[in-house]
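S.K.: Here's a structure for you.
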Amino acid sequence: AKREGRGRVCFFETEMDRELRDRRLLQHDLRLALEQNELLVYFQPQARMDGEIIGFEALVRWNHPTRGFVPPDQFIPLAEENGLITEIGEWVLRQVCREAASWPRPLQVAVNLSPVQFQAGDLERSIHQILLETGLAPTRLAVEITEGVLIGDFTRALNLLRRLKALGIRIAMDDFGTGYSSLSYLQSFPFDKIKIDRSFILNLEATPQSAEIVRAVLSLAHALHIPVVAEGVETEAQRAFLEGEACEEMQGYLIGRPGPIEQYFGLIGIKVER
Ligand code: C2E
Ligand code: CA
Ligand code: CA
Ligand code: CA
């Protein structure tokens with residue numbers, strides 16, 4: 001029994017070692033990913049409740065040479081850990097602004113910003129620079145932030161958000177309802193949009209509590225005159241419920257999955273040759 005116990009401990013150690021080694025390997029590969037053109041940007045449509053497309057959210061993808069697509073939930077935290085997110089975030093922003101500036105229809109584009117991008121470097125300067133460089137109207141750009149942005153240096157983050165807003169950029173509060181203090185942040189900053197987290201939409205039909213939470217978020221947001229986007233809308237039943245509750249916008253597989261922009265050229269007004 002003793003030997004078996006020892007063997008067990010040993011097994012767990014190697015398992016942990018393996019995981020750590022794997023993280024380091026991925027982190028190392030991520031440094032090369034930008035240079036080797038392994039990162040790409042997918043676009044997911046955002047629509048009004050009647051289905052009319054009003055814009056897109058940009059979602060980064062990593063096509064790893066041997067592992068294939070690594071989900072952002074796996075590599076974004078690694079990039080945040082070693083600071084690479086600043087470079088990746090800037091790259092995404094440049095791609096997205098350049099892309100959107102070329103569209104015949106002036107649709108909105110939303111980009112996710114990491115809390116780390118708010119702490120390090122000069123985010124305002126780099127966004128401003130990219131807008132000038134690409135010629136995209138600032139009012140067409142939205143940035144999506146989670147409450148993590150406001151948890152670190154609150155004053156610094158708030159000032160940055162104010163300056164971005166002064167440039168004309170729209171500010172969306174992402175994953176609303178999942179954090180601890182979503183509510184208190186609503187009084188500190190005039191957000192242009194609130195995105196109700198996907199988890200509440202997912203359980204809309206199954207759990208009555210979710211429906212009540214969605215109703216409460218909508219009535220709160222509307223009292224504050226902030227439009228709401230529902231994330232992860234997959235079914236017509238969910239869409240109909242949200243429309244009934246006067247939700248303004250939606251995003252989810254019902255309207256379209258994240259994909260290469262070419263997939264949505266028709267919606268943007270770009271002629272697709274066949
Ligand atoms: P998020 O910002 O909350 O993005 C929404 C996620 O929900 C995306 O996952 C999207 O593919 C997924 N989704 C959208 N509609 C549906 C639906 O109807 N059903 C289901 N099951 N899922 C849906 P994705 O692309 O894997 O991204 C995960 C997270 O990674 C994002 O969550 C965001 O926090 C982060 N992320 C993605 N791109 C970037 C980026 O460029 N920069 C930063 N900092 N973070 C990013
Ligand atoms: Ca988002
Ligand atoms: Ca979200
Ligand atoms: Ca999320």
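The values are calculated or read from the model by the stated rules, or taken from the named source; none is laboratory data. Note that this is a predicted model, so its numbers are computed, not measured. For neighbour counting, all protein chains shown are included, and Cβ atoms are generated from backbone atoms with ideal geometry for every residue, glycine included. Ligands, DNA and RNA are stripped out before the accessible areas are found, and what is left, the full protein with its side chains, is counted by its heavy atoms. Shrake-Rupley method; radii C 1.70, N 1.55, O 1.52, S 1.80 Å.
S.K.: Any idea which of Y180, L26, V149 is furthest toward the positive side of the dipole for the chain, if Lys and Arg beta-carbons carry +1 and Asp and Glu beta-carbons -1?
M.R.: Projecting each Cα onto the dipole axis, the largest value belongs to L26.
S.K.: Rounded to the nearest 0.05, what FRET efficiency is calculated for S181 and E52 with R0 set to 25 Å and r the Cβ-Cβ distance? Mind dumping the intermediate values first?
M.R.: Details: r = 34 Å, r/R0 = 1.35.
Rounded to the nearest 0.05, the efficiency is 0.15.
S.K.: Between beta-carbons, use under 11 Å as the cut-off and find the net charge around V70, counting Lys and Arg +1, Asp and Glu -1.
M.R.: On the way: positive: R61, R67; negative: D29, E38, D73.
Charge balance in the 11 Å sphere: -1.
S.K.: Related question: Quote to one decimal, in nm, the extra length available between A206 and E236 on full extension: 0.36 nm per residue of separation minus the C-alpha distance between them.
M.R.: 9.3 nm
S.K.: Alpha carbon centre of region 117-163 versus region 169-221: separation in Å?
M.R.: 21
S.K.: Turning to a different aspect of this structure: May I ask what percent, to the nearest 5, of DSSP beta bridges between residues of the chain are antiparallel? Walk me through the intermediate numbers first.
M.R.: Details: 16 of 35 bridges.
About 45 percent, rounded to the nearest 5.
S.K.: Evaluate the charge dipole of region 145-263 about its Cα centre and quote only its size in Debye, nearest 20, assuming +1 on the Cβ of each Lys and Arg and -1 on the Cβ of each Asp and Glu. Mind dumping the intermediate values first?
M.R.: On the way: 11 positive and 16 negative charges, 117 e Å.
For this selection, approximately 560 debye.
S.K.: Ok, one more. Between A223 and L132, what FRET efficiency comes out of the Förster formula 1/(1 + (r/R0)^6) with R0 = 30 Å and r the beta carbon distance, rounded to 0.05? Intermediate values should be presented prior to the final figure.
M.R.: Values: r = 37 Å, r/R0 = 1.25.
About 0.20, to the nearest 0.05.
S.K.: Probe radius 1.4 Å, ligands and nucleic acids ignored: give me the carbon and sulfur share of the accessible area of region 77-149 as a rounded percent. Can you show the working numbers first?
M.R.: On the way: 1480 of 2930 Å².
That fraction is 50 percent.
S.K.: Another question, if that's okay. Using only Cα atoms, find the angle between the long axis of helix 85-101 and the longest principal axis of the chain, and express it within 0 to 90 degrees, rounded to the nearest 10.
M.R.: Helix 85-101 sits roughly 30 degrees off the main axis of the chain.
S.K.: Grab the other residues whose beta carbon is less than 13 angstrom from that of D174, score K and R as +1, D and E as -1, and report the net. Don't skip to the answer; put the middle values down first.
M.R.: On the way: positive: R170, K193, K195, R198; negative: E57, E144, E147, D175, D192, D197, E231.
Once positives and negatives cancel, what remains is -3.
S.K.: Using the charge dipole of the chain (Lys, Arg: +1 at Cβ; Asp, Glu: -1 at Cβ; taken about the Cα centre), state which of P260, S114, I85 has its Cα farthest towards the positive end.
M.R.: The one lying farthest along the dipole's positive direction is I85.
S.K.: Could you run the Karplus curve 6.51 cos²θ - 1.76 cosθ + 1.60 with θ = phi - 60° over region 233-243 and give me ³J(HN,Hα) per residue in whole Hz, x for Gly and Pro?
M.R.: 6, 10, 10, 5, 4, 5, 4, 5, 4, 5, 5
S.K.: For A120 and N82 in the same chain, what is the full-extension length gain: residue separation times 0.36 nm, less their Cα-Cα distance, in nm?
M.R.: Numbers: separation 38, 0.36 × 38 = 13.68 nm, distance 1.18 nm.
Length gained, A120 through N82: 12.5 nm.
S.K.: Excluding ligands, DNA and RNA, what is the solvent-accessible area per residue of the chain at a probe of 1.4 Å, expressed in Å²? Don't jump to the answer; show the numbers that get you there.
M.R.: On the way: 14580 Å² over 274 residues.
Heavy-atom SASA per residue in the chain reads 53 Å².
S.K.: About its Cα centre, how strong a charge dipole does the chain have in debye, to the nearest 20, once Lys and Arg get +1 and Asp and Glu get -1 at the Cβ? Before the final figure, lay out each step's value.
M.R.: Details: 30 positive and 39 negative charges, 88 e Å.
Result for the chain is approximately 420 debye, rounded to the nearest 20.
S.K.: At a 1.4 Å probe, what is the % contribution of carbon and sulfur to the accessible area of region 159-232?
M.R.: Values: 1980 of 3550 Å².
That fraction is 56 percent.
S.K.: What angle do you read, to the nearest 10 degrees and between 0 and 90, between the alpha-carbon axis of helix 72-81 and the longest principal axis of the chain?
M.R.: 70
S.K.: For the pair R163 and H28, what calculated FRET efficiency results from E = 1/(1 + (r/R0)^6), where r is the Cβ-Cβ distance and R0 = 25 Å, to the nearest 0.05? Numbers along the way, then the final one.
M.R.: On the way: r = 35 Å, r/R0 = 1.41.
Efficiency computed from Cβ-Cβ geometry: 0.10.
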